[in-house]
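First up is the structure itself, then whatever we jot down about it.
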Protein chains: 2
Amino acid sequence: MATVTPWEVKGDIDYERLIKEFGISPMPKDLPKVLTDNHLFRRGIIYGHRDFNKILDSIKSKKKFVMMTGLMPSGKFHFGHATVIQQILLYQKMGAKLYITVADIEAYNTRNPDMQELKKIALEEYLINYIALGLKPKNCNFYFQSQRSKDGKKSNAYYSLANKVSRNITFNEVKAIYGDITPAKLSSALLQVSDMLHPQLSEFEGPIPVVVPVGIDQDPHIKLARDIMYRFKEQKFMTLSSTYHIFMPGLKGGKMSSSDQLSYISLTDTPEQATNKIRKYAFSGGQATIEEHRKKGGNPHIDISYQYLTFLEEDDKKLKQIYENYKSGSLLTSELKQICIDKVTKFLKNHHKQREKAKKQIPKFIKF
Amino acid sequence: MATVTPWEVKGDIDYERLIKEFGISPMPKDLPKVLTDNHLFRRGIIYGHRDFNKILDSIKSKKKFVMMTGLMPSGKFHFGHATVIQQILLYQKMGAKLYITVADIEAYNTRNPDMQELKKIALEEYLINYIALGLKPKNCNFYFQSQRSKDGKKSNAYYSLANKVSRNITFNEVKAIYGDITPAKLSSALLQVSDMLHPQLSEFEGPIPVVVPVGIDQDPHIKLARDIMYRFKEQKFMTLSSTYHIFMPGLKGGKMSSSDQLSYISLTDTPEQATNKIRKYAFSGGQATIEEHRKKGGNPHIDISYQYLTFLEEDDKKLKQIYENYKSGSLLTSELKQICIDKVTKFLKNHHKQREKAKKQIPKFIKF
């Protein structure tokens, strides 16, 4: 498949712009099978990286590495979040150690100063979905920024690092990332840097390759952490790696965002709610009338239902067939939407069952 | 004594200026005997306060309270530092719980990025002197900002507080205190606020009166901590108390400062070095010739040797006699210097003996 999928094309266009603007590198063409077996890598949904070769080397030589990611405990867990989870699960299966931080201090400082509520959202809205999707407790270091560890040495090291790196940055650098900078934002930025770098402290793994999968909007944080990593004199860090994935778009196009209820399908939406949202709001690439559609064909590149399928339908042949049928006009918008609805419905029904089982697993992940 | 000592007079003058400029209150006249038994309180060397009534109430009703202070592990421990130690020892004898922080993160961020060296200075230059002067391990919570606790819950709470309070302040407030603000200074300021407020967290003592003895130059930090204390919504704090003491002046007048070797007598100076410094550098309030001195008398208010004696000579009658003899001209500058030298020599000889014993005590204070 690889070179002919629509996503690869879109990916290629992004590469050029992003390589230019952000200085990130396109994904190498010769990824190992363990990665291309996953449709996110295979289709170029994960399209770019910084120093991912360190991770590729680890995979090839079967050496240890860490995948680090964070979650912001606010709003609903939606399909847009699933792209990161799929990567979490992939890396966990490959034997990587996971570091997953709940950015509760950042949420407290910038959004919602109710720590109890933040904890509840993190566990009942996020962690439970991670578990239902397949996250295992083994090699999974799930923690809250406010409660890094039961073990004082580890807590001290994590927070000390956040405080120490403050000497390695200037306000202008922080302003370039956060715009209107406040003490609260700076404090959150320093913790975030520690989230990304502390796995390499001697109190944790020691120097080790660490990859952080993000959307391009998070790249300034990656760059800040990398700059600090080079400047920090007290300890040698291995260069931080990152990968960049395309966002799952919102129902009406644009970003899928927790703050816009009509932009997302939540993982706790009922199949009926999801069906209704797709029918009513999912932006279509079809023509105005059935006659016109049959004649001119639809445009899968702007069709949200089709784009969702590139994330959800792992079978390349099926996806390619849908793409061609829609483009030729033999597949109508209502039919394409129904394929998407069926996929989402099947997913949600199974997921809700898994959620019930997942509840009991939560304590296994809480190490504080 | 109380009302007639020279220090009381100087104190009165400061009160007016400081009450006006800083909004602090003069020490009440009816202090309990346990305080006036100490010459620092009795002579008005501790001349002002904020909300010290909370501590006075605790003393009167024999309720628990905390004395919090910090040390910056840089340079030599000198006589100027002793004023705080005397208060530490006084409060410890009274049964207060002590919180003593080593501001190693602040030192790392703003002075010397060598944590091992900072630790060495803190223990071998500071803590050892505290112990030699009489500090006991009981009820003494001595800690490093970089290593708050062995107990993860306590570490987490201390650092989380520092991070959370960032949302309660603006950059302009921090700038007003630190002038040219950097991420490193902000980070240190937030830790310092946590140093002062965290004793009241449920993980430590819970709400309790806390007094911080400082020089007036530290008042902006106190005010910042008090402002935040009122604004912090997650927990109710008791109002933070502070007291203000006069600085022991440098040998040539001005401030006694670790960064100016000729301004201070260190507690590790030999009696010969100290004698030499006092003879050579201690600014004198005497007249140009012996004849003139006998006729006009000296000025103890500007004489450094005399001022040192107000800190070192605890016997009011002796001090008063020296004051009057010097003022009348019957006591010459060289004689006054010798009294000071004798006092300092006796102190240093004993102190150096105590230091040897103190070394073995260090592990009892290190709880991390």
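Worth pointing out:
- Two-site label geometry, B:Gln235 and B:Ser61: point separation in nm, points 7 Å out along Cα→Cβ: 2.1 nm
- Longest to shortest principal axis, alpha-carbon extents of chain A, angstrom: 68, 42, 41
- Of the residues B:His81, B:Ile181, B:Ser149, the one whose Cα sits farthest toward the positive end of the charge dipole of the stretch B:6-247, with +1 on the Cβ of Lys and Arg and -1 on the Cβ of Asp and Glu, is B:Ser149.
- Nearest-0.05 FRET efficiency for B:Asp227 and B:Ile302, computed from C-beta distance (R0 51 Å): 0.85
- By DSSP, the beta bridges lying fully in the stretch A:70-229 are antiparallel in about 10 percent of cases.
- Antiparallel %, DSSP beta bridges [both residues in the protein assembly as shown], to 5: 35 percent
- Under 9 Å, Cβ to Cβ, from A:Asn168 - net charge with Lys/Arg +1 and Asp/Glu -1: +3
- Shown for B:His301, B:His39, A:His198: other C-beta atoms within 10 Å of each C-beta, ranked fewest to most, produce the order B:His301, B:His39, A:His198.
- Listed residues B:Asn53, B:Leu31, A:Phe347: farthest to the positive end of the dipole of the protein assembly as shown (Cβ charges): A:Phe347
- Each other copy holds its own label point for B:Ile177; taking that point as 7 Å from Cα along Cα to Cβ, the gaps run 2.3 nm, nearest first.
- Note: the stretch B:86-128, Cα convex hull, 80 Å³ per residue.
- In plain terms, the residue of B:Cys340, A:Cys140 with the fewest other Cβ atoms within 10 Å comes first and the most crowded comes last, giving A:Cys140, B:Cys340.
- Taken about its Cα centre, the stretch A:304-368 carries a charge dipole of roughly 640 debye when the Cβ of each Lys and Arg holds +1 and the Cβ of each Asp and Glu holds -1.
- When Rg and the Kirkwood Rh are both derived from Cα coordinates, the Rg/Rh ratio for the protein assembly as shown amounts to 1.12.
- Look at the alpha carbon pairs under 8 Å that are at least 6 residues apart: their mean separation over the length of chain B gives a relative contact order of 19 percent.
- Sorting A:Arg148, A:Arg355, B:Arg294 from the fewest to the most surrounding beta carbons within 10 angstrom yields B:Arg294, A:Arg355, A:Arg148.
- The local environment of A:Leu118, defined by Cβ-Cβ distances under 12 Å, has a net charge of -3 under the rule Lys, Arg +1 and Asp, Glu -1.
- Using R0 = 30 Å, the C-beta based FRET efficiency linking A:Thr289 and A:Asp217 works out to 0.20.
- Placing a pseudo-label 7 Å from each Cα along the Cα-to-Cβ vector at A:Val34 and B:Ser259 gives an inter-label distance of 5.4 nm.
- Cβ-based net charge around B:Ile278, under 13 Å, with every Lys or Arg adding one and every Asp or Glu removing one: +1
- Between identical copies, the spacing of B:Lys20 label points, each set 7 Å from Cα toward the C-beta atom, reads 6.6 nm from nearest to farthest.
- The stretch A:220-275 and the stretch B:256-277: distance between their alpha carbon centers, rounded to Å: 58 Å
- Taking each DSSP H run with n ≥ 4 as -39500 (n - 2.57) and averaging over every residue of chain A yields -15000 deg cm²/dmol at 222 nm.
- Comment: the Cα-to-Cβ extended label point of B:Asn299, at 7 Å, lies 8.9 nm from its counterparts in the other copies, nearest first.
- Dipole check for the protein assembly as shown: with +1 at the C-beta of Lys and Arg, -1 at the C-beta of Asp and Glu, and the Cα centre as origin, the magnitude is about 1960 Debye.
- Put simply, the amide H of A:Val102, placed in the peptide plane, has neighbours under 5 Å in A:Leu71, A:Tyr143, A:Phe144, A:Gln145, leaving out anything fewer than 5 places away on its chain.
- Over the stretch A:261-354, volume per residue of the alpha carbon convex hull, in Å³: 85 Å³
- Candidates B:Phe52, B:Phe237, B:Phe171, ranked by Gaussian network fluctuation over chain B, Cα under 10 Å, top entry: B:Phe171
- Dipole magnitude of chain A about its Cα centre (Cβ charges: Lys, Arg +1; Asp, Glu -1), debye to nearest 20: 1020 debye
- Between A:Asn276 and A:Thr182, the simple spin-label model (points 7 angstrom out along Cα→Cβ) gives 3.6 nm.
Coordinate-derived values only; no laboratory data. Keep in mind that this is a model prediction, so the values were computed, not measured. All Cβ positions, glycine included, derive from the backbone under ideal geometry; neighbour counts span all protein chains shown.
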